[in-house]
1. Arranged by the count of other C-beta atoms within 10 angstrom, fewest first, what order do A:Lys221, B:Lys222 take?
2. Treat each spin label as a single point 7 Å out from the Cα along the C-beta direction, and report the A:Glu179 to B:Arg18 distance in nm.
3. Can you tell me the Rg and the Dmax, both Å, for the Cα atoms in the protein assembly as shown?
4. Lysines near B:Lys127 by alpha-carbon distance under 28 Å, same-chain residues fewer than 8 away left out - which ones?
5. Test of understanding: ordering B:Met131, A:Met93 by Cβ neighbours within 10 Å, fewest first, what list do you get?
6. What does the charge dipole of chain A about its Cα centre add up to, to the nearest 20 debye, if the Cβ of each Lys and Arg holds +1 and the Cβ of each Asp and Glu holds -1?
7. Relative to the longest principal axis of the C-alpha atoms of chain A, give the angle of the C-alpha long axis of helix A:134-146, reported between 0 and 90° and rounded to the nearest 10°.
8. Shielding of B:117-129 by partners, i.e. mean partner chain Cβ atoms within 10 Å per residue?
Amino acid sequence: MDGVAVKAEKLTKFYGRTRGVVDLDLEVRRGEVFGYLGPNGAGKTTTIRLLLDLIRPTRGRAEVLGLDSRRDGVAIRGRIGYLPGELALYDRMTGGELLRYLANLRGGADWGYVESLAERLQCDLSARIKSLSKGNKQKIGLIQAFIHHPELLVLDEPTSGLDPLMQHEFHRLVREMTEEGTTFFISSHNLPEVERISDRVGIVREGTLVAVDDVDSLKRKALRRLEIHFASPVPREAFAGIAGVRDLAVDGVTLRCTVAGSVDALIKAAARFEVLNVVSPEVSLEEIFIDYYHGEGRAP
Amino acid sequence: MVRAVLRNVFLKSLREQRAALAWWAVGVIALCLMTVAFYPSMRDSRGMAEYFEEAPEWIKTVMGDPSEFTTPTGYLNGELFFMMVPILFLIFAISRGSGAIAGEEQAGTLDLLLSNPLSRRRVLLEKAASMLAALLGLGLALWVGLALGAAAVGMDISLLRLADACFSGVLLGAVFGSLALALGCASGRRGLTIGVTAALGVGTFFLKSLAPLIESLEVWGKLSPFYYYDAAQPLKNGLSWAHAAVLAGAAAFFVALSVFLFDRRDIAV
């Protein structure tokens, strides 16, 4: 068994004339947490549903756990856990009934494990799914993906709808399972989350995989927007020419800029003045991506 | 109990239909009892027979010999099996058939179901089997209702012949249910499937009914599933195995077509 959990070769999907993904070459190593990052509509869900054989490639092929995604779909699905991005559950069942059903379709499950997961995620299995909030439905979706201790977990936006506490619990679960050798393929449009849990990140944009990188180097290149409020007006010159700083605007007591990579030099320069507040408005993924490509040369 | 019925797609799909099936059964049994309850007054009224004698020729051609209307078979054929039973079985079957795949696809749950280690063929066959089982349940309710009613008013009719006629209804339902299944597998759209299948049902009903009246249609009538449903008069003569085989064969063909179509298609989100 080689060290590759997921492998896509020139994987291409068009829905009629609409683009899904184009010529995707991708490799996820066994045992790693691979973050699949991209804005909505970039092709993340398409890629995942191709791996599950829910949709069929226009060209190219994919291998999951060394098996062909088209030919060996049943065997593959027996060994992976999947959380759909647009999660829809059987509304009229209770969470417990649904999990029993799905466990039965996989030849049974260790119910104690299911209950322990439900407890950790604070999920009520006796309530009818119809009555559950989006977050609680998401928890059921997560549990069903974990139910059979799969070798590979393919999770499409797993933390969507979860409150921060549960997101944290989910991250802990991922870490624990990685220690047992489980591989994760996690799609997200949330950079901070991917940074937190992934080993490597693939960035997909408009159907194309534009980069695959270690999380560390992604962090070095990622853009942050910073706003520093000073007690008294500061001179613009004091911040000009700092490595990684761009779009610098100093307006009396407020400094606004974007920083690629480390903010260290900027913070040190700012420390010479009295700083009242530092604000970091979230940078949209699109902006990060635009910079990631077009800005390669400019980044330090 | 709950654990057992959640064992596989077949049992789970059957469980989902339990409320619908129960209500349908209650309704069908009530309909049978009410219809049969009026039989004694029909039988004893000369006026009715005369009324039918005077009916125009085309009604006789379509609905059968009026002199038979006061016999148990004639009465049940005219009141129930000519139109009511097919309508009920079609509505029930089309609703099951269109819901099985297209309904689940539109609800978005098909992604979850198909992410299990089951082939699409397996999922589809189990769902088709649960539809057939539900149809048999409805056929059984129809038979029970008629048997109870016949016993209550002393209607002279063979329970076996009743079973033959009910089973013919099940087979007719199976044809349109599996047609709906196939259209649902092809389109993934439940509303469209229901509309097209129902239109085909109405169309082929009239095709079979009008074929004996219009010479140029005569041969075409045999293309209608309704022809094989009651042309051999199962209530009077028992099930025609040849006609039953045509219906069963058509249903099997549509199920096979469903597998073929479903296996090749992208599942919509």
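Values quoted throughout were computed directly from the atomic coordinates according to the rules given, and no laboratory measurement underlies them. Source: prediction; values computed, not measured. Please note: Cβ atoms are built from the backbone with ideal geometry, for glycine as well, and neighbour counts cover all protein chains shown.
1. Numbers: A:Lys221 18, B:Lys222 13.
In increasing order of surrounding Cβ atoms, one gets B:Lys222, A:Lys221.
2. According to this spin-label approximation, the distance is 4.3 nm.
3. Rg then Dmax for the protein assembly as shown, in Å: 32.5, 113.
4. Of all the lysines, those that pass the test against B:Lys127 - Cα under 28 Å, at least 8 places apart if same chain - are A:Lys130, A:Lys137, A:Lys139, B:Lys12.
5. On the way: B:Met131 29, A:Met93 21.
The order, fewest Cβ neighbours first, is A:Met93, B:Met131.
6. Numbers: 41 positive and 43 negative charges, 160 e Å.
In debye, rounded to 20, chain A gives about 760.
7. 60
8. Details: counts 12, 6, 4, 4, 1, 1, 1, 0, 0, 0, 0, 0, 0.
Shielding by partners across B:117-129 averages 2.
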